Structures are given as structure tokens and as C-alpha cells.
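Down below is the structure, laid out as C-alpha cells.
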Amino acid sequence: MSNSPIDLLPSDLAYVPFVSVDNMMRNVRAIGVETFLRGIARYIEQDFLRWESFDKKPRIPAHAPQGVIELMPTSDGKTFGFKYVNGHPGNTRDGLQTVTGFGVLSNLMTGYPMLFTEMTILTALRTAANSALAAKYLAPKGSTTMAIIGNGAQSDFQCLAFKEMLGLTEIRAYDIDSAASLRLARNLASSGLNVTICKTPEDAIEGAQIITTVTADKKSATILTDNMIGTGVHINAVGGDCPGKTELHRDILLRSDIFVEFPDQTHIEGEFQQLDRDHPVTELWQVYAGKAEGRTSQDQITLFDSVGFAVEDFAALRYVHDLLPKTGYFEKLDLLADPDDPRDLYGMVLRSAANGDHQAA
Ligand code: NAD
């Protein structure tokens, strides 16, 4: 699998590789979820290391009282990618996902798409890989235990990524819905992780060096209060990712060193929205590039204020694009018109009628 930015594909590609949910699951199973998570993390790190080559802007939202739909575009000057993603915390009541998505990667030289894929599963994988990558630089060395508050769709992936990339062995799970914690424990039963279901968030964070919050609620919640947080922990705050939707009490932010993806977006969507824009935060790409420090002392509280940024999805799309020739798990999607003479688009319609194709039933 190539580790370099994507080579341009031939512009005469007659189909677009399409990865359905079924094929995404086959791809994950074919190489193993842990390898997949590590692979995405590697691609995210590569892309963060060439941060300045990306076109960056906060994502474009459409809000409703029930949730949000967002478009997340970016480009490195050769390749363009975007994700469509939603966040609707009430959806699970109706048997729907809180977060779903799909994405496209395109050749910027021809404008032709080179990948169209589901991104519901891929978002969970990339979010977990991204969290674990940040924690590699920020969490206390030798961490063994993670509290995970919010045991929904993202949580299993988070636990597996931290096990794979940081060597965690213990998970302490809490959710307001105990059925969610039982589901998480069941899914992780043969993962090698020891899962303890806890009755309160205070119980969950007892003895944990890493605290992940990944709850879904369309409001400013206080999942963690200041008095719950001892010195030296790493907080991986994933669930607060929309205006008016946060998880941590502001006092925790004031005691923490805050690390972010793209400050302009995080200030709109993350825990950072509770602070002035000029409050100091560190951009993760600078930590990865050795231009800024990550964890510097045992007593420091580090906080990754995760909201999810377009460059991470670009990296995940790139990873899947590079994986497909190995696994073959995709379909050829007839998405692009391909007339013999590029200007004879209507002629192609006429000829298809003359051939008797596409008659109404
Ligand atoms: P989900 O609906 O499947 O799960 C959320 C869980 O949180 C549910 O089990 C719910 O019972 C629990 N919960 C709600 N309030 C709680 C509280 N006060 N205390 C404890 N548990 C509580 O959602 P999901 O797909 O797992 O997503 C979780 C959150 O992560 C969402 O807010 C989503 O927008 C966010 N997210 C962020 C990123 C990112 O990159 N930062 C990426 C994907 C999802």
C-alpha cells in the first residue's frame, strides 16, 4: 500500500469505485479492525505533517432543532475530498444512527471522482484513530486504563484504537443508559480488553489515566465537572462538536492544556466555544511536527478538544482508496457520463433511445 499522497488516476476512468456499507465491513474484516485503525492513524499523521499544503476552512453546517448536516471539504492542490455527515442525537430513539456519512475523493486535475464511499463506519474508525493518535503524544506514558463516558456507536471503536495504539488493558464504561454499556462490554468481550461497567461517571474515572467523553446530546451538558478531574490525566473530549453542544465544565478547560485540530472550527464547535478565541490552544499538527510540545509533565491535564476536521476524512478516504486494489471489495459505479465524443452528450441520450434502452415499463 502506498504511503505517499495519491497518484493521479487516468482521467478516462469509466467508473467510480464505490464502497457500500457491506463492502466497508468486508474491507475492515479482510485486514482486521486494529490494522485498519493503525492505517488510518498513519495516514492522518502523514497529512497533518503536510498541514500547510491543505486548503482549510470550518465545515459548512445546516442546523435544525433536531441536529445538523455538515459538508467537510478540503484539498491538497492535487486531490479534493469531502464528507457529508449528520449529527442527530435524538435519532437513536427511532432506531436511526446519530451520525451517518458518505464521502468522495476526486482528482483535482480532471474533476473526476476517484472514490465514493460510505462514511458511517469510516467516520467511527477515523475518529477513534484520530483520538488514539493524539493520545500517543498527550496521554501519560504507560497508561493502562481509560474511562469511557457515552457508550454508543463510536465507543467500541475508541476502545479498540486505544488498545491497539496505546496498549490499554482496562476500560471503565459509563452511560446513562445501562443497556448501552452492556452492549459495549458484550462487543469487546473477546477483544483482550477488560471492561468494567460503572454506575456513575465518578466511578468510571476512578484510577483512569485517560478519560474519553463521547456522549450525544443537543445541548451544553456537563458530563465532567472540575472536582472530578485529578492532575495528570488526558481527556479525549469527542462528543462536543457543535455550537451549543459541549460536555465539559468550563473550569476544566481553564486547568487544562488544550490541543485542537483547526482552531477556527474548534472555536465554533468544540469545548473551546466556552472560552475567548484568544485563549491559548495548541494545534495538533504542530505537536506531530515537533514544532510544539505535547505532554511536558506528569501533573499536566491535557485535553484533546476533538470536533473532527476535513483533513482527517481526507486521510481516511485516501487510506480506503489505497486499500481497494488489495482487497477488491468495491463496486464499479456508473456515475459519470462517458460519451464517445465528450461534446456529444445529447447524442448519447438519443442513441440509447434508438437502442430501445430505458423504455418506461
Ligand atoms: P450515540 O447516540 O450512538 O451514543 C451516544 C451515547 O451517549 C448514548 O449511548 C447515550 O445514552 C449516551 N449519553 C447521552 N448523554 C449522556 C450523559 N449525560 N452521560 C452518559 N452518557 C450519555 O452517538 P455516537 O455516534 O456514539 O456519537 C457520540 C457523539 O460523538 C455525538 O455527539 C457525535 O456528534 C460525536 N462525534 C464526534 C466526532 C468527532 O470527530 N469529534 C466524530 C463522530 C461523532
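Please treat every number below as a calculation from the coordinates, not as lab data. Everything numeric here is computed off the predicted structure, so don't read it as measured data. Note that each Cβ is placed from the backbone with ideal geometry, even for glycine, and that neighbours are counted across all protein chains shown.
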* Which of Ser178, Leu303, Thr282 sits farthest toward the positive end of the charge dipole of region 166-320, with +1 on the Cβ of Lys and Arg and -1 on the Cβ of Asp and Glu? -> Ser178
* **Cβ crowding within 10 Å averaged over residues, with 53-62, 75-84 ranked highest first** => 75-84, 53-62
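Starting from the Kirkwood radius over alpha-carbon pairs of the chain, derive D by Stokes-Einstein at 37 °C in a medium of 0.692 mPa s and give it in µm² s⁻¹. Please list the in-between numbers first.
Working: Rh = 21.4 Å.
Result for D is 154 µm²/s.
Ignoring everything except DSSP H segments at least 4 long, calculate the 222 nm mean residue ellipticity for the chain; use -39,500 (n - 2.57) per segment, divide by total residues, nearest 500. Please list the in-between numbers first.
Working: 11 runs with 120 residues, N = 361.
Mean residue ellipticity at 222 nm (helix-derived): -10000 deg cm²/dmol.
For region 147-233, what is the charge dipole size about the Cα centre, in debye to the nearest 20, if Lys and Arg each add +1 at the Cβ and Asp and Glu each add -1 at the Cβ? Don't jump to the answer; show the numbers that get you there.
Values: 7 positive and 10 negative charges, 44 e Å.
Result for region 147-233 is approximately 220 debye, rounded to the nearest 20.
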* Check: the chain dipole with +1 on Lys, Arg Cβ and -1 on Asp, Glu Cβ, in debye -> 540
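At a threshold of 8 angstrom on Cα-Cα distance, excluding pairs fewer than six apart, so keeping six or more, what relative contact order does the chain reach in percent? The partial results should precede the final answer.
Details: 711 pairs, mean separation 74.2, N = 361.
Value for the chain: 21 percent.
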* For an R0 of 22 angstrom, estimate the FRET efficiency from the Cβ-Cβ distance between Arg42 and Asp278 and round to the nearest 0.05. => 0.05
* Asked: What does a probe at Lys199 reach in region 141-175, counting residues whose amide N is under 16 Å from the point 7 Å along Cα→Cβ?
  -> 173-175
* To do: Between beta-carbons, use under 14 Å as the cut-off and find the net charge around Met348, counting Lys and Arg +1, Asp and Glu -1.
  => -4
* To do: For helix 345-354, report the angle its Cα long axis makes with the longest principal axis of the Cα atoms of the chain; keep it between 0 and 90° and round to the nearest 10°.
  => 60
* Asked: How far is helix 21-31 tilted, in degrees, relative to the longest principal axis of the Cα atoms in the chain, given as a value from 0 to 90 rounded to the nearest 10?
  -> 70
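Going down the table (Lys56/Lys218; Lys57/Lys136; Lys136/Lys199; Lys78/Lys163; Lys56/Lys78; Lys83/Lys136), which pairs top 23 Å between alpha carbons? Write out the running numbers ahead of the final one.
On the way: Lys56/Lys218 26 Å; Lys57/Lys136 26 Å; Lys136/Lys199 29 Å; Lys78/Lys163 35 Å; Lys56/Lys78 14 Å; Lys83/Lys136 26 Å.
From Lys56/Lys218; Lys57/Lys136; Lys136/Lys199; Lys78/Lys163; Lys56/Lys78; Lys83/Lys136, over 23 Å: Lys56/Lys218; Lys57/Lys136; Lys136/Lys199; Lys78/Lys163; Lys83/Lys136.
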* **At R0 = 25 Å, FRET efficiency that the Cβ-Cβ distance of Ile69 and Thr225 yields, to 0.05** => 0.20
* Relative to the longest principal axis of the C-alpha atoms of the chain, give the angle of the C-alpha long axis of helix 178-187, reported between 0 and 90° and rounded to the nearest 10°. => 70
* Hey, could you pull the Cα Rg and Dmax for region 114-217, both in Å? -> 13.4, 48
* For Lys219, which lysines qualify as cross-link partners when the Cα separation must be under 21 Å and same-chain residues fewer than eight apart are set aside? -> Lys245
* Could you tally the net charge around Asn151, taking each other residue with its Cβ under 12 Å from the Cβ of Asn151, Lys/Arg +1 and Asp/Glu -1? => 0
* Asked: Taking every DSSP beta bridge that has both residues in the chain, what percent is antiparallel when rounded to the nearest 5?
  -> 50
